[in-house]
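Only the coordinates and a few stated rules stand behind these numbers; no lab work does. Everything numeric in this text was worked out from a predicted model, so none of it was measured. Here the Cβ positions follow ideal geometry from the backbone for every residue, glycine too, while neighbour counts run over all protein chains shown.
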Amino acid sequence: MSAADFLLSPEVQKLLKVVYANPTSKFTVNALAKASKLSIEDVERTQEHLVKSGILIKCKSTSDAPDTVCANTSFVFYSELRGIALKSFAAAEPVRAMLRSKFKDSVLRAFVLGEDLDGTVELLVVHGQKVPDEKDMSAACQKLSVSIGRHLRVHVISSTRHAALARNDELGSKLARPCAIEIIAEGDTKAQPAIEREGLLESARKRWAALAR
């Protein structure tokens with residue numbers, strides 16, 4: 001059970017997944033029901049609970065327009081809730097499931113690096129001996145992006161390059177941030193680590209040793 005499952009009901013998770021993907025947008029009950037795949041009754045009940053809690057706020061509308069709600073970015077725990085959402089139901093869990101099902105033979109490790117102000121989620125995918133097909137990865141990420149309502153920015157690198165990342169590298173610095181989380185660890189999939197090539201000197205030394213026998 002994740003922290004989100006412990007703290008938030010499934011209905012709350014589904015609504016926050018939609019709202020936090022576009023925190024500046026306004027949502028009607030019908031729009032939330034369609035996006036979250038919840039019933040109108042479930043949306044109304046959950047929405048009212050979130051408004052009373054201060055997590056959502058009701059937005060002003062004209063007399064002939066339906067009522068709307070939006071994220072309360074001034075809520076005292078707004079950043080913490082967004083962080084929980086990012087690290088679980090809103091991004092990390094669906095990304096992990098997609099990579100483990102479609103790229104289990106090639107993805108060795110994977111990380112969620114964070115999200116920007118527009119809600120774009122940045123991912124780092126580390127491949128092993130087998131390199132994931134670029135078109136397949138792009139198509140899978142695009143499909144997932146539509147499903148979770150967030151844009152994805154994906155970096156795919158080899159395990160050799162990953163091992164050489166330093167804090168002064170752009171990716172290395174992002175990986176060192178507290179918000180970065182590993183969603184697939186080595187051994188979680190069937191991907192095999194890349195075979196490191198021997199250095200020229202080591203290779204030459206072995207050849208000379210063989211000739212001297």
Net charge (Lys, Arg +1; Asp, Glu -1) of residues whose beta-carbon lies under 11 Å from that of residue 35, residue 35 excluded, is +4
If unit charges are put on Cβ atoms (+1 for Lys and Arg, -1 for Asp and Glu) and the dipole of the chain is taken about its Cα centre, the option from 55, 160, 179 lying farthest towards the positive end turns out to be 160
Per-residue ellipticity at 222 nm attributable to helices in the chain (runs of n ≥ 4 DSSP H, -39500 (n - 2.57) apiece, nearest 500 deg cm²/dmol) works out to -13500 deg cm²/dmol
If the chain between residue 116 and residue 51 were fully extended at 0.36 nm per residue, the gain over the current Cα-Cα distance would be 20.9 nm
Computed over the chain, the convex hull of the Cα set has an average projected area, in nm², of 15.8
Cross-link reach from residue 60 to lysines, straight Cα distance under 16 Å and at least 8 residues apart if same chain, gives 26
Of all DSSP beta bridges having both residues in the chain, the percent classed as antiparallel (nearest 5) is 70
Pairs over 26 Å Cα to Cα, from 87/143; 52/143; 17/52; 37/190; 104/135; 104/174, come to 52/143; 37/190
For the chain, longest principal axis from Cα atoms; helix 92-102 axis from its Cα atoms; angle between them, nearest 10 degrees, is 50
Helix 134-148: inclination vs the chain longest Cα principal axis, degrees, rounded to 10, gives 20
Mean Cβ-within-10 Å packing, highest first, puts peptides 99-108, 71-80, 145-154, 84-93 in the order 84-93, 99-108, 145-154, 71-80
Measuring from its Cα centre, the chain shows a charge dipole (+1 at each Lys and Arg Cβ, -1 at each Asp and Glu Cβ) which, in debye to the nearest 20, is 700
Here D for segment 91-184, in µm²/s, from Stokes-Einstein with a Kirkwood Rh over Cα pairs at 4 °C and 1.567 mPa s, works out to 97
